[in-house]
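Coordinate-derived values only; no laboratory data. If you're wondering where the values come from, they're calculated on a predicted model, not measured in any experiment. Because the Cβ atoms are built from the backbone with ideal geometry, glycine has one as well, and the counts that use them run over all protein chains shown.
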Protein chains: 2
Amino acid sequence: MRIPLDRDSAVPIYRQIEAFLRHEMRAGALAPETRLPATRELAASLGVNRLTVTTAYADLEAEGLIYSRQGSGTYVAPQPASLPAQGDPAHADWPLWQQELLSRTWSPAMREMDRLNAAADRPGMISFAGGIGDARLFHTDEFRKTLQHVVRRDGIDAFGYGDRAGYAPLRATIAQVMTGQGIPTHPDQVLITAGSQQAVALVAQLLLRPGDTALVESPTYSGAIDIFRSQDIRLRGIPVDEHGMQVEHVEDALQASRPRLIYTIPNFHNPTGTCMSTARRRQLVRLAVRYNVPILEDDFVGDLRYDGHDLPALKALDPGGYVMYVGTVSKMLAPGLRLGFVVAAGPVYDRLLASKRVNDLSTSSLLQRALEAYVSVGRYQAHLRRTCQLYRRRRDALVDALQRHLPADARCIPPQGGLFAWLQLPAGISALELHPLAAEEGVTYSPGGFFFPAERDQSFARLNFVMREPAEIEEGVRRLGRAIERSLKQRSTAGIPVRQQPITV
Amino acid sequence: MRIPLDRDSAVPIYRQIEAFLRHEMRAGALAPETRLPATRELAASLGVNRLTVTTAYADLEAEGLIYSRQGSGTYVAPQPASLPAQGDPAHADWPLWQQELLSRTWSPAMREMDRLNAAADRPGMISFAGGIGDARLFHTDEFRKTLQHVVRRDGIDAFGYGDRAGYAPLRATIAQVMTGQGIPTHPDQVLITAGSQQAVALVAQLLLRPGDTALVESPTYSGAIDIFRSQDIRLRGIPVDEHGMQVEHVEDALQASRPRLIYTIPNFHNPTGTCMSTARRRQLVRLAVRYNVPILEDDFVGDLRYDGHDLPALKALDPGGYVMYVGTVSKMLAPGLRLGFVVAAGPVYDRLLASKRVNDLSTSSLLQRALEAYVSVGRYQAHLRRTCQLYRRRRDALVDALQRHLPADARCIPPQGGLFAWLQLPAGISALELHPLAAEEGVTYSPGGFFFPAERDQSFARLNFVMREPAEIEEGVRRLGRAIERSLKQRSTAGIPVRQQPITV
């Protein structure tokens, strides 16, 4: 126990020890029934006479704050109710620099969404919120056995820093999978990261400086907006339709804003679920080359296709070194694995590796080894097939239910894969205002406003359709329909005109 | 397999497929004996006629690039030597933005050191390099059992995002340990990070902007220098003596440079092994309060004390909200666990949590749960005692060997704990120039220059004394002595005067 002692102080040492322990107990930091160090031990550690500690303990025992058990030691007493609890941090007189920080920083959109949905959470709620896959499909018992196997096989090597770029056999597996998907990849172009979130954050940190501009889809992934905002990056949004980013607006934006990065989610876009057409993909890469702007391609669920045929990755269209490709296993297997990767060619790869190292040295070698052992035995492909079958049915259930239970002017383009459907609510209904009504009916979703890089358009809701069985999905949409009906009624009662607006995604 | 096809192109689709596969094989991305997708499967995935794929395969087979096995499928042929290997990335014509990046970024000091020592690494080498503890002391088999237990107990919960601040029981354990060390801590003030490296990076990212100044010890931890440099932070170094940072120089620096952060390693300082005196600790906290500057206290091995008595943490002297405290279990248990933490009070805590989330969402829940289960059964304390006993003997062996095998004007203040001793080499010898000579003799170390925030003083070597048994330590120092002798001889032969210089740490 390190107790700060001031040997020059007029306050005797034993009093300083008492004051310290008293403060710790009041602050709740020394819990009732905690065993205190033996007097001999504490005295030695503090470099004081043992009598000093004995005196302090005796005083505290007299106050009823601690007690001694014969032959067992000294313990913190059950705390009397009269002791004040830990002060409310909000009321404390925090340093000026902390107050300045409050005015300078903000709450990420991801957290705002979480809070909204956490507040709505209660038994029986059907949630279309959240941005992950159905983790119940992950075979924890198989993975447990894989962990066993890896620790037995690799011993202490599984607990070292390992290769800073990532466990080499895992990089080889990823390169093989990528190549099989039409993106010729060498293992030395793969950098393992703590999920795709870190991959995007590293690219932004490396390539952008405060005040720079990035081009993004509007709407786009809220977590990417948060990354850019946290680094004081300006965002220029390019609208999205059913064929993805409207690339025909990109050239104007490139000329006007001189962005230093294009961030895009071409497959099963978050939040709209759309795919960028092949023609637009080609055009976007051509523009990136012409204007010397790197593209960051976030392919977070590119594997999860239920209909239609595969489209070429931007990375596969890259004439050389323009496209960085981000992928993840968090969405497909389990988010808590925190394993993603970025594929990059050219000098930028080495710089990303250096950034990764500066940020957190390396990603857990144990989890990388376990994932490699788990995936290499063909489990990933089987898991993918099974997942696609299940998710396809859930997607179908959602699309079907939306048609049956929502008013005719609610619109949704059926997604061909991924996790999300993007619902345009009936004219005049705000997804944010609808949210508490929906929660009352027993259904939640992610209000669309959080996904816009600039002005928050509240006429959309993002529905994650992969977390529930078809019957629950239908019931959820039925509840959503009831909430919309109530909202429409409230509006007409209040005399607010139900505005007609053009339908876009 | 996603093959980019341009349906508007004058080049027939089957030719496009051929060109793509040919390119993949040449790039080494489609390795020999790789099984290609069946024609029916590939045709369906690309949305083309099966005959198109059959034609492409037939052409490639005629070229000898692929071959089919009856009833088994089509495979990449063993690659003929005439095909060019993957191009050297250094020779490629990378985009302009990548070339610009090269001129703007740099190689972290940590990597320069690694490269130096990796180049020297060979069988029989005795290494005093590296910044970690002896991982052989970690009980991998016990930890394996703990992993089993946790996955069985928690199932899929162990693989979710979990509490973004960190697994609550682990935060409670850390708070308890901290409190026991005289730093009253509430679990809600603990944020789990991917090692202490990430904790320092998050604080820097949150509190500093490019062009800001941070006060650091000179020398200081190379990984922290890398963090600050990567964020374009200016560093002002405060010299260190045997009682740690010379705090008497801090007030001038605060007035002259208006730093926005003070970063310090008060216990068993990296690289010098010194501890900041209690008087200086009090003075530093007083100055931080007076000048409204936050302190980041990096206590990476504060537990590893072999002599003397504990000194109060700066955090324990904090009147409220000025000191953020960073700790880690990576050094004590296994670096690959990548688990560290930061303790902060006040609004800054919530902002750090938001930053953590933006950077990588959360830290692996599985590893946090396993660590909590592992530590809570008292293993940590036992491990600490055993580690201190072993390391103390190694420290003694080093100090003893330095006295016996090095010239009298080599100086080293015996460290009272931690991992490192800071060796001042005999006058006129550069640790960087000595390094290859030492490697020839069979010993390596970390040249001291890498630890300086500004001008690199090359007259010191950092010796990590915890990785080897006493007998090896003695042999390593003997080799170092021989290298120094050779270096001195070379210098006198070359007629370079052996300069006398004042001895400081």
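Quick notes
- Between 0 and 90°, nearest 10: helix B:431-441 axis offset from chain B longest Cα axis: 70 degrees
- FRET efficiency for the pair B:Ser72 and A:Arg234, taken as 1/(1 + (r/R0)^6) with r the Cβ-Cβ distance and R0 = 41 Å, rounds to 0.15.
- Note on A:Glu61 and A:Glu248: the model spin-label points, each 7 Å out from Cα along the C-beta direction, lie 8.7 nm apart.
- Across the cross-link table entries A:Lys356/B:Lys315; A:Lys356/B:Lys331; B:Lys331/B:Lys356; B:Lys315/B:Lys356; A:Lys331/A:Lys356, which are compared at the Cα atoms, the separations over 25 Å belong to A:Lys356/B:Lys315.
- Cα lying deepest toward the dipole's positive end in the protein assembly as shown, options A:Pro12, A:Trp94, A:Ser277, charges on Cβ: A:Pro12
- Separation between Cα centres of the range A:34-71 and the range B:338-408, rounded to whole Å: 28 Å
- Test item: A:3-9 mean partner chain Cβ contacts at 10 Å: 5
- Centroid-to-centroid separation of the range A:257-315 and the range B:172-247 [C-alpha atoms, Å]: 39 Å
- If you plug the beta carbon distance of A:Gln148 and A:Gln381 into 1/(1 + (r/R0)^6) with R0 = 22 Å, you get a FRET efficiency near 0.45.
- For chain A, the longest principal axis of the Cα atoms and the long axis of helix A:347-360 meet at an angle of about 30 degrees.
- Taking the C-alpha atoms only, the angle from helix B:168-180 to the longest principal axis of chain B is near 20 degrees.
- Projecting 7 Å from Cα along the Cα-to-Cβ direction, the label point of A:Ala62 sits 10.5 nm from its equivalents in the other copies, listed shortest first.
- Among B:196-208, B:277-289, sorting by the average number of other beta carbon atoms lying within 10 angstrom of each residue, highest first, gives B:196-208, B:277-289.
- Dipole check for the protein assembly as shown: with +1 at the C-beta of Lys and Arg, -1 at the C-beta of Asp and Glu, and the Cα centre as origin, the magnitude is about 760 Debye.
- Per-residue ellipticity at 222 nm from helix content only, as computed over chain B with -39500 (n - 2.57) for each DSSP H run of at least four residues, stands at -13500 deg cm²/dmol.
- Per-residue average of Cβ from other chains inside 10 Å of A:201-211: 3
- For the peptides A:61-70, A:448-457, the ranking by mean Cβ contacts within 10 Å, running from highest to lowest, is A:448-457, A:61-70.
- Cβ-Cβ FRET estimate between A:Ser103 and B:Asp307, R0 fixed at 45 Å, reported to 0.05: 0.45
- In summary, the lysines within cross-link reach of A:Lys145, defined as a Cα separation below 17 angstrom excluding same-chain residues under 8 places away, comprise B:Lys145.
- Spin-label pair A:Arg258-A:Val11: with each label point 7 Å from Cα along the Cα-Cβ axis, the two points sit 5.9 nm from one another.
- The mean number of partner chain beta-carbon atoms within 10 angstrom of a residue's beta-carbon across peptide A:157-170 is 3.
- Convex hull volume of the C-alpha atoms in chain A, normalised per residue: 224 Å³.
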